[in-house]
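Notes follow once the structure below has been shown.
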Amino acid sequence: MAILLRRATKADAKYIALLLAELGYPSKEADVCKRLDRFLQGNLSCFLVAQSASEVIGLITAELVPYFPNGSTICRVTSLIVSSDHRNRRIGEKLVAGAADFAREHHCSGIEITSAEHRFDAHRFYQRLGFSRTSFRFFQAL
């Protein structure tokens, strides 16, 4: 199966909404379209999809973030999902590699990925790709 990695467009909103729901973030197609419209305008974000034939089966989003402690910029992956029907086919690796290319193009010092504590398979996947657990994440809704 040939997989095309490409930049996401607003036309992908339907598929992205389905992927986000699979990740645990139910979203309406119209809302995803608005988000894409907002975030695709600048060059501080990376939105890549993995496409098989006419179907989008994977997504990675990443943001450039200033990292004040050492004066660098990091690339923070904010979502990564491959449709459950298409996992274990190296699609996630291709998506992470695409985000890494984006990070290198913007001279980032590294890539950061956060993952919910219950996503053990994802943790193993990230470690297999060379990521290390370096901290705990704390969050407060506003």
Next on the checklist: Restricting to region 19-33, and then to whatever is out of contact with any helix residue (DSSP H, G or I) (no Cβ under 9 Å at 6 or more places or on another chain) and assigned to a helix (DSSP H, G or I), can you tell me which residue is nearest to ASP121 (Cα to Cα)?
Outcome noted: LEU23
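Looking at SER45, SER54, which one is of a type outside the set (Asp, Glu) and over 16 Å from the mean Cα position of the chain (by Cα)? Reasoning before the result, please.
On the way: SER45 fails: over 16 Å from the mean Cα position of the chain (by Cα).
Every option except SER54 fails the conditions.
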Checklist entry - List, please: which pairs have Cβ atoms under 7 Å, are six or more places apart or on different chains, and start with a residue in region 14-34 that is in contact (Cβ under 8 Å) with a residue 12 or more places away in the chain and more than 21 Å from SER115 (Cβ to Cβ) and end with one that is small (Gly, Ala, Ser) and outside any loop (DSSP other than H, G, I, E, B)? => result GLU29/ALA13; GLU29/ALA17; VAL32/ALA13; VAL32/ALA17; CYS33/ALA13
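Determine which member of the set THR78, THR73, THR61 is closer than 22 Å to PHE131 by Cα, part of a strand (DSSP E or B), more than 16 Å from the chain's Cα centre (by Cα) and not small (Gly, Ala, Ser).
The unique qualifying residue is THR73.
Taking region 92-124 as the region of interest, how many residues are closer than 17 Å to THR61 by Cα, hydrophobic (A, V, I, L, M, F, W, C) and part of a helix (DSSP H, G or I)? Spell out the reasoning first.
First, the residues of region 92-124 that are closer than 17 Å to THR61 by Cα: 92-106, 108, 110-116, 122.
Among the residues that remain, those that are also hydrophobic (A, V, I, L, M, F, W, C) are: 95-97, 99-100, 102-103, 108, 111, 113, 116, 122.
Filter once more, so that each one left must be part of a helix (DSSP H, G or I): 95-97, 99-100, 102-103, 122.
Final tally of qualifying residues: 8.
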Item to check | Residue satisfying all of: in region 69-103; among the charged types (D, E, K, R) and surrounded by 15 or more Cβ atoms within 10 Å (Cβ to Cβ); nearest to PHE138 (Cα to Cα) among these | outcome: ARG76
Checklist entry - How many residues, within region 86-99, are under 23 Å from LEU64 (Cβ atoms), touching a residue at least 12 places away in the same chain (Cβ under 8 Å) and not basic (Lys, Arg)? => result 6
Checklist outcome for this item: Apart from one, (1) under 24 Å from GLU93 (Cβ atoms); (2) surrounded by fewer than 13 Cβ atoms within 10 Å (Cβ to Cβ); (3) of a type in the set (D, E, K, R); (4) over 14 Å from the mean Cα position of the chain (by Cα) all hold for ARG7; the odd one out is (4)
Checklist entry - Going by the structure shown, is ARG89 assigned to a helix (DSSP H, G or I) and more than 17 Å from THR61 (Cβ to Cβ)? => result no
Next on the checklist: Going by what's in this entry, would SER52 be described as of a type in the set (S, T, N, Q), surrounded by 11 or more Cβ atoms within 10 Å (Cβ to Cβ), modelled with pLDDT of 95 or more and in contact with a strand residue (DSSP E or B) (Cβ under 9 Å, 6 or more places away or on another chain)?
Outcome noted: no
Checklist entry - Do you know which of the residues in region 104-137 that are aromatic (Phe, Trp, Tyr) and surrounded by 14 or more Cβ atoms within 10 Å (Cβ to Cβ) is nearest to PRO69 (Cα to Cα)? => result PHE131
Item to check | Test: residue in region 96-119 that is out of contact with any helix residue (DSSP H, G or I) (no Cβ under 7 Å at 6 or more places or on another chain), aromatic (Phe, Trp, Tyr) and over 19 Å from PHE39 (Cα atoms) | outcome: no
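The values are calculated or read from the model by the stated rules, or taken from the named source; none is laboratory data. Predicted, not measured: the structure shown is a model, and the values here were computed from it. Because the Cβ atoms are built from the backbone with ideal geometry, glycine has one as well, and the counts that use them run over all protein chains shown.
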